[in-house]
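Below: the structure, in structure tokens.
The values are calculated or read from the model by the stated rules, or taken from the named source; none is laboratory data. Keep in mind that what you see is a predicted model, and the values were worked out from it rather than measured. Glycine gets a Cβ as well: all are built from the backbone with ideal geometry, and neighbour counts include every protein chain shown. Ligands, DNA and RNA are stripped out before the accessible areas are found, and what is left, the full protein with its side chains, is counted by its heavy atoms. Shrake-Rupley method; radii C 1.70, N 1.55, O 1.52, S 1.80 Å.
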Amino acid sequence: MSEAVNRVMVVGYGSMGRGIALSFGRAGFATTVLSRDPAAIGDLPDGVSATAALPEAPPDLVIEAVPERMDLKQALLARLEAAYGAGPILASNTSSLPLQEMADALAAPERLIGVHYMHPAEALPMVEVIRVAQTTDEVLARTTAALERTGKDSIVLAKPVIGFLINRLQHAILHEAYCLIDDGIVKPEDVDNFAKRMFGPRLCVTGLIEQKDLSGLDVHAAAQRGIVPHLHHTNRPSRVVQDLVEDGQYGAKTGTGFYDWREADLAAHRRKAADKLARLLALLEAD
């Protein structure tokens, strides 16, 4: 039996880092946040400590949640190896950077694994766990066991692909939606109303693949032949999103994006969304 993970260090304390630290802290792990300015953290969860220096005692598991830049992540991983050798499991929460490239730069690449959370990290019940070519079975087993203790099921990917499973599916759907918006065929609220009231609820019950078995693969195959050739198969990001960002419209954080948030009570909106998500997840778990 592999030694259990008990000491966890989360590097970075943005919205993802906080949620990750919270999930381990409330599960009883000895959890530390490595931050450049621990004194500035005003909402540190109970049971979680913060430090600006690497702890002397090596953690069992390190999860990095630093900004999505390859140079920052590689520098951090090199620093961790220099400090702790081949001791801790090194997990990256990257959503889009090449994990195999990160591993190949390490002296002990067998200790690297991808652990990709979706936002909000503390609430959603699943995590993507991604092996690189060198990841050992022991590292995988210890990582998934630790995640299970925090209440997370693992979606294990046998090898890294850019975007992994969740973001590849999400971006494929979003790309088509953005192109339809850009072509003036639908409005953003049309897409969201469909996702909230039809697509999402059905997926909660039967998923993507099971639904097609239930409705008949012969019908689905015929629909594929008729629809897939007409989808927006491009390798370029949709202009509607890129144009908004280039115009300084980042969404709620700047006041405008696809929607106008300038008069909205964002804190209340987020609380309502979090409460609705919690009630939905509880209903799904009770089935």
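Below are the figures for this structure:
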read-out: Subset of segment 101-132 that is in contact (Cβ under 8 Å) with a residue 60 or more places away in the chain and either in contact with a His (Cβ under 7 Å, 6 or more places away or on another chain) or open to solvent by 50 Å² or more (accessible area, probe 1.4 Å) (or both) - its residue that is nearest to P58 (Cα to Cα); value: E122
read-out: Odd one out for T135 among (1) open to solvent by less than 60 Å² (accessible area, probe 1.4 Å); (2) in contact (Cβ under 8 Å) with a residue 40 or more places away in the chain; (3) under 30 Å from I89 (Cβ atoms); value: (2)
read-out: Residue in segment 51-69 that is among the acidic types (D, E), open to solvent by 20 Å² or more (accessible area, probe 1.4 Å) and not in a loop (DSSP other than H, G, I, E, B) present; value: no
read-out: Verdict on A30 being open to solvent by 40 Å² or more (accessible area, probe 1.4 Å), in contact with a Lys or Arg (Cβ under 7 Å, 6 or more places away or on another chain) and at pLDDT 95 or above; value: yes
read-out: Of the criteria (1) open to solvent by less than 40 Å² (accessible area, probe 1.4 Å); (2) out of contact with any strand residue (DSSP E or B) (no Cβ under 6 Å at 6 or more places or on another chain); (3) farther than 20 Å from N6 by Cα; (4) in a helix (DSSP H, G or I), which one L140 fails; value: (3)
read-out: Neighbours by Cβ (under 9 Å, 6+ apart or cross-chain): first from segment 271-283, in contact (Cβ under 8 Å) with a residue 12 or more places away in the chain and within 17 Å of C204 (Cβ to Cβ); second of a type in the set (A, V, I, L, M, F, W, C) and assigned to a helix (DSSP H, G or I); value: L280/C204
read-out: Boolean, E285 is modelled with pLDDT under 95, in a helix (DSSP H, G or I) and open to solvent by 60 Å² or more (accessible area, probe 1.4 Å); value: yes
read-out: Leading residue by the ranking (modelled with the highest pLDDT) among those in segment 226-252 that are outside any helix (DSSP H, G or I) and among the charged types (D, E, K, R); value: D247
read-out: Cross-chain or 6+ apart pairs with Cβ under 9 Å, segment 241-254 first and in contact (Cβ under 8 Å) with a residue 12 or more places away in the chain, then of a type in the set (A, V, I, L, M) and part of a helix (DSSP H, G or I); value: V241/L174; A252/L266
read-out: Subset of segment 161-220 that is free of Cβ contacts under 8 Å to residues at least 12 places away in the same chain and among the hydroxyl-bearing types (S, T, Y) - its residue that is least open to solvent (accessible area, probe 1.4 Å); value: T206
read-out: Which numbered condition A223 misses (of (1) open to solvent by less than 60 Å² (accessible area, probe 1.4 Å); (2) part of a helix (DSSP H, G or I); (3) more than 21 Å from L174 (Cβ to Cβ); (4) without any contact (Cβ under 8 Å) to a residue 24 or more places away in the chain); value: (3)
